[in-house]
Amino acid sequence: MSNTTITPDMLLAQMRSMAAQAQGAQSQGLQANQETVNGQSDFADLLKQSINEVNNASQEAKRLTDAFQQGDPNVQLSEVMIAKQKSSVAFEAMLQVRNKLVNAYQEVMNMQV
């Protein structure tokens with residue numbers, strides 16, 4: 001996972017900024033619309049990268065577990081346990097990020113325009 005910490009306030013501010021950019025894009029034409037798409041893709045790329053890192057940690061833990069169960073002498077039990085804990089922590093963190101995103105989305109959707 002990335003070392004960047006995203007707080008709910010930061011997320012809400014970014015979502016508000018994107019909403020303002022989207023409204024501005026409608027009045028400014030195609031060029032502004034392209035800038036909004038680029039801003040949204042940066043956030044989407046960051047989110048996708050984080051999900052991929054969580055998935056990679058999970059796959060590595062499974063690979064080490066399977067290797068240990070098959071008796072691979074190069075895999076230690078401590079190595080397997082650490083990989084499983086890293087995977088678990090990464091998954092829990094991603095779950096918390098998802099929960100914060102859902103809360104921020106709901107808050108934005110309840111805003112009066």
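When a/c is below 1.5 the answer is rounded, else prolate if a/b is larger than b/c, else oblate, so apply that to the stretch 68-113 with a ≥ b ≥ c taken from the square roots of the Cα gyration tensor eigenvalues. Because a/c hits 1.5 or more and a/b exceeds b/c, the stretch 68-113 counts as prolate. Accessible area of Phe91 (1.4 Å probe, protein heavy atoms only, ligands and nucleic acids ignored): about 120 Å². Leu47 sits with roughly 50 Å² accessible to a 1.4 Å probe, with DNA, RNA and ligands left out of the calculation.
The values are calculated or read from the model by the stated rules, or taken from the named source; none is laboratory data. Keep in mind that this is a model prediction, so the values were computed, not measured. The protein model used for the area step is the full one, side chains on, heavy atoms only, and it has no ligands, DNA or RNA in it. Shrake-Rupley method; radii C 1.70, N 1.55, O 1.52, S 1.80 Å.
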